[in-house]
Each structure stands twice: as structure tokens, then as C-alpha cells.
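The values are calculated or read from the model by the stated rules, or taken from the named source; none is laboratory data. Note that this is a predicted model, so its numbers are computed, not measured. No Cβ is skipped: glycine too gets one built from the backbone with ideal geometry, and neighbour counts run over all protein chains shown.
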Amino acid sequence: MKFDAIYVAMTLFPRTMTPAYKRIRSRFDESRTAVADLLERELLHLRAKDVVIQLDCKPSEIRQDGQLRAGTKPSSPAVVVQFTSVNKLMSFACDQYDSWLANIKAIAKTLEALRAVDRYGATQGGEQYTGFQALPAPDPLAGMVQELCQMSGHSPVTADYLRVSSERVKQFRREVLLALHPDRTKDEPTFKVATNLLDKLLNSFGFQV
């Protein structure tokens, strides 16, 4: 893809999930390439940046570069596509179909339909996208977690995902420190910075090492 899109493990679907028995059997062409091309086309039209695709999978199923590992099988077909367009954070969620690829294609088709609205001159400022603007509550720990992921090359995770349990935080701590250990990196200062940030993170969550 021409835009930088990463996958992350979903922490919370923005609405009540569709029961499995009510999901629609996909009628779309679900080839990975065809879906990627369609989504790319629509996001390029919107000049999208910071594209994140949330899947209902484990963080371990996502590589350090933010791409899916081979054989990834999400627990459900639910998908959330988030991106920034014209300095606004947009979020589109779908779980109507029984395939996660079909749900990504449904989101791409939705973007295509919304873009078509502008062709007839009834909107001038992209008003049709207003209902899809994401308004996340600021999380003071989000930047700390993001920094640790970037420092260590860890697969992207969120503060909300980590705060669920001490086991998740401790596993994250072990993985970050292993990746940054001076025996591997020869970089003692960075290791000390990461250790300090991880200690602050544990304390903020109310957990102990």
C-alpha cells in the first residue's frame, strides 16, 4: 500500500457486537489484494494519514512492523479502521459480515459512497463525515506506552489493553526490556530510560513488579 497502515489488536469495539448468528455471509470479493487496493484508493482520495486497522486478535499475532503474522485468525470478524484526514481523527467500525476482510471492504465501500456525496454539490465541507469523527478521551499514559513501543520495536499496544491485568503489563515489561537489553543493543542509556518509564507505568496502573 502507498500509505503507512499498521494493524493493532482491538481493545474495545465501539458498539455492541453483532451476534454471530446475525452476521451476513459475505457476498464480496474477499481477496486480500483486492480489499487492500480498494481501501487504499479511498484513503488516498481522503489524503488519509496515520492509518490504523484494529482487528480482534492477539497482540502476538502482529509483527513488530505492525503487519499481520502469517496464519493470523481473529477471534471475531469485527474491524475498526481509524485515520486522520484534514486534521480530524476518523473512525469506521464494521462487524456485519462473517469475514474480517469483508468488513474492511464494507468500510471501503462506505468511504466510496460518502465521497460520492460531494460529486452532487450538496456538501462543501465534508459534512457527511461528521458522524464518523472519533473523539477519544485523552489518556496520559498513552504517550508513555507509545514511546516504549517505538523504542523497543514492540508491536503497537494501547494503555487500555495493558491496564486490564498485571500479567499483561508484566509481559509487556519483559518483552521491552529483553529487546533493549544492553547485551543485545550495547545501549545502556536507552535501557535505563525504558526501565524508568516501565516502573512509572506499573505504578500508574497500581501494579508491582
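Against the definition (touching a Gly at 6+ places or on another chain (Cβ under 8 Å), aliphatic (A, V, I, L, M) and modelled with pLDDT of 75 or more), how does Ala179 come out, yes or no?
So Ala179 fits the description; yes.
Checking Leu55 against (1) surrounded by fewer than 22 Cβ atoms within 10 Å (Cβ to Cβ); (2) within 30 Å of Arg174 (Cα to Cα); (3) under 13 Å from the mean Cα position of the chain (by Cα), which single condition isn't satisfied?
(1)
Keeping to the stretch 151-174, report how many residues are more than 15 Å from the chain's Cα centre (by Cα) and either crowded, with 18+ Cβ neighbours inside 10 Å or not assigned by TED's automatic domain parsing to the domain that holds Lys200 (or both).
Just the residues of the stretch 151-174 that are more than 15 Å from the chain's Cα centre (by Cα), to begin with: 151-153, 163-174.
Still in the running and either crowded, with 18+ Cβ neighbours inside 10 Å or not assigned by TED's automatic domain parsing to the domain that holds Lys200 (or both): 152, 163, 169, 172-173.
Going through the stretch 151-174 one residue at a time, the tally reaches 5.
Output the residue which, of all residues in the stretch 42-71 that are without any contact (Cβ under 8 Å) to a residue 60 or more places away in the chain and assigned to a helix (DSSP H, G or I), is nearest to Lys105 (Cα to Cα).
Taking the candidates together, the pick is Leu44.
Looking only at the stretch 84-95, decide whether some residue is closer than 25 Å to Thr158 by Cα, of a type in the set (D, E, K, R) and in contact with a strand residue (DSSP E or B) (Cβ under 6 Å, 6 or more places away or on another chain). Step through it out loud before you land on a result.
Keep residues of the stretch 84-95 that are closer than 25 Å to Thr158 by Cα, which gives 84-95.
Then keep just the ones that are of a type in the set (D, E, K, R); that gives 88, 95.
Then drop every residue that is not in contact with a strand residue (DSSP E or B) (Cβ under 6 Å, 6 or more places away or on another chain), which leaves 88.
Yes: the stretch 84-95 contains one or more residues that are closer than 25 Å to Thr158 by Cα, of a type in the set (D, E, K, R) and in contact with a strand residue (DSSP E or B) (Cβ under 6 Å, 6 or more places away or on another chain).
State which residue is farthest from Ala113 (Cα to Cα) when the search covers only the stretch 16-28 and only residues that are surrounded by 13 or more Cβ atoms within 10 Å (Cβ to Cβ) and modelled with pLDDT under 85.
For the stretch 16-28, the residue satisfying everything is Ser26.
Could you list, in sequence order, all residues of the stretch 62-72 that are surrounded by fewer than 18 Cβ atoms within 10 Å (Cβ to Cβ) and touching a Leu at 6+ places or on another chain (Cβ under 8 Å)? If you could, list the steps in order and put the result at the bottom.
Taking the stretch 62-72 and keeping what is surrounded by fewer than 18 Cβ atoms within 10 Å (Cβ to Cβ), we get 63-72.
Listed by number, the residues that qualify are Leu68, Thr72.
Taking the options Asp56, Asp65, Asp50, Asp37, name whichever one is closer than 22 Å to His154 by Cβ, out of contact with any Lys or Arg (no Cβ under 8 Å at 6 or more places or on another chain), of a type in the set (Asp, Glu) and modelled with pLDDT of 90 or more. Quick ask: steps written out before the conclusion?
Working: Asp65 fails: modelled with pLDDT of 90 or more; Asp50 fails: modelled with pLDDT of 90 or more; Asp37 fails: closer than 22 Å to His154 by Cβ.
Residue meeting the stated conditions: Asp56.
Only one residue in Ser31, Ser75 is surrounded by fewer than 19 Cβ atoms within 10 Å (Cβ to Cβ) and in contact with a Cys (Cβ under 7 Å, 6 or more places away or on another chain), so which one is that?
Numbers: Ser31 fails: in contact with a Cys (Cβ under 7 Å, 6 or more places away or on another chain).
That would be Ser75, the only listed residue that is surrounded by fewer than 19 Cβ atoms within 10 Å (Cβ to Cβ) and in contact with a Cys (Cβ under 7 Å, 6 or more places away or on another chain).
Buried (at least 21 other Cβ atoms within 10 Å of the Cβ), of a type outside the set (Lys, Arg) and farther than 22 Å from Thr16 by Cα: is that true of Ile104 in this structure? First the steps, then the outcome.
Working: buried (at least 21 other Cβ atoms within 10 Å of the Cβ): yes; of a type outside the set (Lys, Arg): yes; farther than 22 Å from Thr16 by Cα: no.
When the stated conditions are applied, Ile104 does not pass them.
If Phe13 satisfies every condition in (1) touching a Phe, Trp or Tyr at 6+ places or on another chain (Cβ under 7 Å); (2) at pLDDT below 90; (3) under 21 Å from Ala159 (Cβ atoms) but one, which is the exception?
Unmet for Phe13, out of (1) touching a Phe, Trp or Tyr at 6+ places or on another chain (Cβ under 7 Å); (2) at pLDDT below 90; (3) under 21 Å from Ala159 (Cβ atoms): (1).
Answer yes if at least one residue in the stretch 182-192 is under 20 Å from Thr11 (Cα atoms) and at pLDDT below 90, and no otherwise.
Let us first name the residues in the stretch 182-192 that are under 20 Å from Thr11 (Cα atoms), namely none.
So far as the stretch 182-192 goes, no, none of its residues is under 20 Å from Thr11 (Cα atoms) and at pLDDT below 90.
Does the stretch 74-81 include one or more residues that are within 19 Å of Arg115 (Cβ to Cβ) and outside any loop (DSSP other than H, G, I, E, B)? Walk me through it before giving the result.
Residues of the stretch 74-81 within 19 Å of Arg115 (Cβ to Cβ): 81.
Now restrict to residues that are outside any loop (DSSP other than H, G, I, E, B): 81.
Yes, the stretch 74-81 contains at least one residue that is within 19 Å of Arg115 (Cβ to Cβ) and outside any loop (DSSP other than H, G, I, E, B).
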